[in-house]
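Step one of this worksheet: look at the structure below.
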Amino acid sequence: KQWYQRRVRGKKMAALEFLKNRIVILMQERDKAINRADELQDTVQNAKDLVTKLETDKRDLENRLELADAEIDKLHEWKEQVLEEKNELEVEVEKLRRENDSLQNAI
């Protein structure tokens, strides 16, 4: 009977030791999972920060593009005005040439 009790106690001890080792392994795996979750959370936060920065950069570039478009429009208007003035001056020069020619002929 003692032999049987020792054997049962030995099996219980072995089972307890197995469970203890299993618990240790599971706790280690849990710790690894927690660390991995923390790393993933950091990665997600970094990605969110990057997206925010990219959105800000995009808005800045869009604003710059609008300003550049407005400046181009102003330059086109200015070019049209300059061309009109050039044409008016050419007409005036032609009138002055004709008057000069007429004065030359009169002299």
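Details
- Filter pass, residue 62 being open to solvent by less than 90 Å² (accessible area, probe 1.4 Å) and part of a helix (DSSP H, G or I): yes
- Qualifying position, being of a type in the set (A, V, I, L, M, F, W, C), surrounded by 10 or more Cβ atoms within 10 Å (Cβ to Cβ) and modelled with pLDDT under 95, among 93, 24, 8: 8
The values are calculated or read from the model by the stated rules, or taken from the named source; none is laboratory data. All figures in this text were calculated on a predicted structure; none of them were measured in a lab. Don't worry about glycine lacking a Cβ; one is built from the backbone with ideal geometry, like all the others, and counts go over all protein chains shown. Protein only, heavy atoms only, side chains kept; ligands, DNA and RNA dropped before computing areas. Shrake-Rupley method; radii C 1.70, N 1.55, O 1.52, S 1.80 Å.
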